[in-house]
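Trainee: Structure below; questions to follow.
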Amino acid sequence: MALLALALTLGVWFAATRLRGVPPILSAAVALALLVPALGIDPASYARGASPLVALLGPAVVALALPLFRERAGLARRLVPAVAGILAGSAAAIVSAVLVGHALGLSDALVRALAPRAATAPVAASVAAALGGDAHLAAAAAVVGGVLGALLAPLALRFARDPRDAGIGLGTAAHGIGTARAAALDPAASAAAASAMALNALATAVLAPLLVPLLLR
Amino acid sequence: MVMFGIPYPVLKAGVAAVKVPSSAPASAAERVRAGIVTLAVLAGLTLLGDALVGALHLPVPGPLVGAALLVAWLTQRPAHAGVLASADGLIAALPLLFLPLLVEAVGPLRALGPALLPVVITMTAATVAALVTAVAAARIAAWLCSRSR
C-alpha cells in the first residue's frame with residue numbers, strides 16, 4: 001500500500017512530463033488530486049507512501065548550494081540589486097495578501113494564514129501560527145502559490161532581461177518551486193533564486209509579524 | 001562531549017566515514033560512490049542545519065542553513081564542487097519532490113468551502129505582486145548602482 005502511493009506519484013509524474021505546454025507539477029498535481037480519492041487511498045496513507053520523496057526535499061534544498069557557489073562571482077556583482085529586490089518583494093507579498101484578502105472579505109484568521117505565503121512552506125506555517133493563523137492552510141497556500149509563481153517563470157525571464165533579476169523574483173515570490181523552475185531554465189537565474197528563497201524566508205519571518213498587525217488594525 | 005545530541009566520537013567517526021574524495025569521478029563505480037557520498041553529505045548537512053535551527057531558534061528552515069554551510073565549505077575547498085556534481089540531478093528532481101506536498105495541499109484548500117475563490121485570488125495577487133515588485137526593485141537598484149559609478 002505504501003509503495004502504491006509512491007509508484008502512482010512517479011507514474012503520473014512521468015506521464016505529466018510527456019505532456020507539452022503544461023508544467024508537469026501542475027498537470028501531475030491535478031491528476032493525483034483526482035486519482036488518489038478515486039482509487040480509495042486515504043490522504044494520510046498517501047502522505048505516508050509519498051514520504052520518501054518529501055524526505056529528499058531537505059537534501060535537494062542543500063544541493064542548491066552548488067549553483068549558488070558556481071555563480072558566486074556573478075551574484076556578488078549584483079548584491080545590492082538582489083537585496084533590494086528580495087526585501088521589496090517580501091514586503092509586497094505580505095502587504096498585497098493582507099490588502100487583497102481584506103478587500104475580498106476574508107476573515108482576519110484567513111488573512112493571517114495567507115500573509116507569509118511567499119516564504120517556503122515550513123517558514124510560512126510557523127510564521128502563520130505565530131500570527132494566529134492556521135499553519136496547515138499557510139503551508140498549503142505557500143505550495144500552491146509557489147506553483148502559480150513558477151508558471152510565471154518564462155514571463156519573468158523575459159521581463160527582467162538579466163536572468164539574475166528573474167531569479168530574484170522567482171525565489172522571492174515562489175520559494176523552492178520557483179527556484180526549481182528557474183533551475184530548469186537558466187543557471188544564473190537558478191543561483192539567484194536559491195539565494196532569494198533563503199533571504200526571503202528570513203525577511204518574511206521578520207517582516208510579517210511587524211506588518212500584519214499594523215495592516216489589520 | 002555531546003554535539004547536537006550525538007556523542008562526539010560517533011560524530012567524528014561519521015565525518016571520517018564520508019571523507020570526500022578530492023577529484024571528480026571518472027569510472028562508473030566512482031560515479032556511484034560519488035553519488036552516495038553526495039547524498040550522505042547533503043543528508044548530513046540537512047540534519048546539521050535542522051539541529052542548528054533547533055538549538056539557536058533560527059527563523060529559517062534547516063536545509064537553508066545546511067546550504068549556507070555547504071557554500072562556506074566550498075569556498076574553502078572549491079575542488080569538492082566537482083565531486084558533489086551529482087547533486088545537480090537532485091535539483092533537477094525538485095519539482096517531483098514538491099508534488100506530494102501539492103497533492104496534500106488539496107485537503108486544507110477544499111476545507112475552505114466558499115472562501116476558496118477569494119483565497120485563490122488573494123494568493124495569485126500576492127504572488128504576482130511579489131514577483132513584479134522584486135524584479136522591478138532589482139532592476140531599479142541595478143540602474144541606480146550603475147549611474148552612481
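Trainee: Report the far tail of the P(r) of chain A, meaning the percent of Cα-Cα pairs longer than 25 Å.
Mentor: 43 percent
Trainee: Between the alpha-carbon centers of region A:116-137 and region A:152-217, tell me the distance in whole angstrom.
Mentor: Here the two parts' Cα centres lie 17 Å apart.
Trainee: Assign unit charges at the C-beta atoms only (+1 for Lys and Arg, -1 for Asp and Glu), then state the dipole size of region A:1-146 relative to its Cα centre in Debye, rounded to the nearest 20.
Mentor: Charge dipole, region A:1-146, about its Cα centre: 560 debye, nearest 20.
Trainee: Peptides B:36-46, A:61-71: what's the order by average Cβ count within 10 Å, highest mean first?
Mentor: Ranked from most to least packed, the peptides come out as A:61-71, B:36-46.
Trainee: To continue, here is another question. How do the peptides B:64-70, A:163-169 rank, highest first, by the average count of neighbouring beta carbon atoms within 10 Å per residue?
Mentor: Answer by packing, highest mean first, reads A:163-169, B:64-70.
Trainee: Using a 10 Å cut-off on Cβ to Cβ distances, tally the other chain neighbours for every residue of B:53-66 and report the average as a whole number.
Mentor: 6
Trainee: Right, here's the next one. Taking θ = phi - 60°, what integer Hz values does the Karplus form 6.51 cos²θ - 1.76 cosθ + 1.60 yield along region A:66-73, in sequence order, with x for Gly and Pro?
Mentor: Once rounded to whole Hz, the list reads 5, x, 4, 5, 5, 9, 4, 5.
Trainee: Please work out the FRET efficiency for the pair A:LEU3 and A:LEU79, using the Cβ-Cβ distance as r and a Förster radius of 35 Å; give the result to the nearest 0.05.
Mentor: Given R0 = 35 Å and the Cβ-Cβ separation, E is 0.15.
Trainee: Residue separation times 0.36 nm, minus the C-alpha to C-alpha distance between B:ALA55 and B:ARG77: what's the value?
Mentor: In short, 5.2 nm is gained.
Trainee: Using the membrane-span-like helix rule (whole DSSP H runs, Cα extent along the own axis of at least 27 Å, mean Kyte-Doolittle hydropathy at least 0.5), which helices of chain A qualify?
Mentor: Going by DSSP H runs, the hits are A:79-103, A:187-215.
Trainee: I need the calculated FRET efficiency for the pair B:CYS145 and A:ALA130, taking r as the beta carbon distance and R₀ as 30 Å, to the nearest 0.05.
Mentor: Once the sixth-power term is evaluated, E becomes 0.25.
Trainee: Can you give the helix-only mean residue ellipticity at 222 nm for chain A, where every DSSP H stretch with n ≥ 4 adds -39500 (n - 2.57) and the sum goes over all residues, rounded to the nearest 500 deg cm²/dmol?
Mentor: -27000 deg cm²/dmol
Trainee: Apply the a/c threshold of 1.5 to the C-alpha gyration tensor of region B:17-149 and tell me whether it is rounded, prolate or oblate.
Mentor: It is oblate, given that a/c is not under 1.5 and a/b is not larger than b/c.
Trainee: What does the highest-first list of A:181-188, A:40-47 look like by mean Cβ count within 10 Å?
Mentor: Listed from highest to lowest mean packing, they are A:181-188, A:40-47.
Trainee: Looking only at other chains, what is the average number of their beta-carbon atoms within 10 angstrom of each beta-carbon in A:168-177?
Mentor: Counting Cβ atoms of other protein chains within 10 Å of each residue's Cβ and averaging gives 6.
Trainee: In Å³ and rounded to a whole number, note down the convex hull volume per residue for the Cα atoms of the protein assembly as shown.
Mentor: Dividing the Cα hull volume of the protein assembly as shown by its residue count gives 157 Å³.
Trainee: What's the center-to-center distance, using Cα atoms, between region A:15-63 and region B:75-149 in Å?
Mentor: Each part's Cα centre sits 18 Å from the other's.
Trainee: Leaving out ligands and nucleic acids, note down the accessible area per residue over region A:118-217 with a 1.4 angstrom probe, in whole Å².
Mentor: 33 Å²
Trainee: Quick check on region A:55-114: take the gyration tensor over C-alpha atoms, sort the square-rooted eigenvalues as a ≥ b ≥ c, and tell me if it's rounded (a/c under 1.5), prolate or oblate.
Mentor: oblate
Trainee: Let me ask you something else. What number, in percent, do you get for the relative contact order of chain A if the mean sequence gap of Cα pairs under 8 Å and at least 6 apart is divided by its residue count?
Mentor: 20 percent
Trainee: For peptide A:134-143, how many partner chain Cβ atoms fall within 10 Å of a residue's Cβ, on average?
Mentor: 6
Trainee: I would also like to ask the following. With a sphere of radius 15 Å drawn around the Cβ of A:PRO43, what net charge do the other residues whose Cβ falls strictly inside it have (Lys, Arg +1; Asp, Glu -1)?
Mentor: Around A:PRO43, the surrounding residues sum to 0.
The values are calculated or read from the model by the stated rules, or taken from the named source; none is laboratory data. Here the structure is a predicted model, which means the values were calculated and not measured. Positions of Cβ are generated from backbone atoms using ideal geometry, with glycine treated the same way; all protein chains shown enter the neighbour counts. The protein model used for the area step is the full one, side chains on, heavy atoms only, and it has no ligands, DNA or RNA in it. Shrake-Rupley method; radii C 1.70, N 1.55, O 1.52, S 1.80 Å.
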